[in-house]
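The structure appears below as structure tokens.
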Amino acid sequence: MTHRRYLWILFVLVAAAPPAMAHGVDDLTRRFLEQLTGPAIAPFLYLGAKHMVTGYDHLLFLVGVIFFLYTTREVLLYVSCFTLGHSVTLLSGVFAGIHLDAYLIDAIIGASVAYKGLDNLGGLKRMLGFQPDIRAAVLVFGLFHGFGLATKLQEFALPEHGLVTNILAFNVGVELGQFTALALVLLVIAYWRRHPGFVRHAWVANLLLVSAGLVLIGYQLSGYYVSEA
């Protein structure tokens, strides 16, 4: 991949990033959910799956996590660390009423994308002189991703009746969406690995992950300062 093509891809990332500043959900979904008066498993399953499948920040991090994993055992181990992290903070954030600024949380999620891309490039080991525990990093960043999911739910005036059932359904939906997205990503990466260009272009793919993470950080921090002004 030429430097010119890399710059074009980076330009597309920058141009596509402004929607990342919009933390709200569409009005139709908001009205529908706020009118619910009890358990509504199917809508919350759908909402959780949709948020994960369309949540490019979550997906970019997972792409970085599984990029150089070659066995099913490794994939299950690291994805389990991520799942444990985001499930804990999603559930505790909603049930315990822990409110964090959505822009700052999403900036940290952007940092997780940049971190994993840099780690895949070997940059962290060169900078720090040692290799950080990847499993611990995935777990910790999973906690922040869970808070990111919680901030979306906290935008709704959800009724107390059926809240536990609905939030658990949302979390299950997140897992279903994550499984679907991961299956597609793994198929694409497995196909790519069969070609000689995989090793040659892997550094470009991870450099794009770093760039995407930095772009997300910049936009989310800009949104934070604008909202505080």
Work out Dmax and Rg for the chain from the C-alpha atoms and quote the Rg first, both in angstrom.
18.2, 57
Say R0 is 25 Å: what FRET efficiency, to the nearest 0.05, do Gln131 and Ser92 get from their beta-carbon distance?
0.25
Evaluate E = 1/(1 + (r/R0)^6) for Ala183 and Val204, where r is the Cβ-Cβ distance and R0 equals 25 Å; express this FRET efficiency to the nearest 0.05.
0.55
How far apart, in nm, are the 7 Å Cα→Cβ label points at Leu77 and Ala157?
4.9 nm
Cross-link partners of Lys125 among lysines (Cα-Cα below 17 Å; sequence separation of 8 or more within a chain):
Lys116
Need the list of lysines near Lys50 for cross-linking: C-alpha distance under 18 angstrom, and skip anything on the same chain fewer than eight residues off.
Lys152
Indicate the helices, whole DSSP H runs only, in the chain that combine a mean Kyte-Doolittle hydropathy of -0.5 or more with a Cα extent along their long axis of 30 angstrom or more.
72-95, 163-193, 197-228
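Rule-based calculations on the coordinates, nothing more; no lab input. Please read these numbers as outputs of a predicted model, since none were measured by experiment. Don't worry about glycine lacking a Cβ; one is built from the backbone with ideal geometry, like all the others, and counts go over all protein chains shown.
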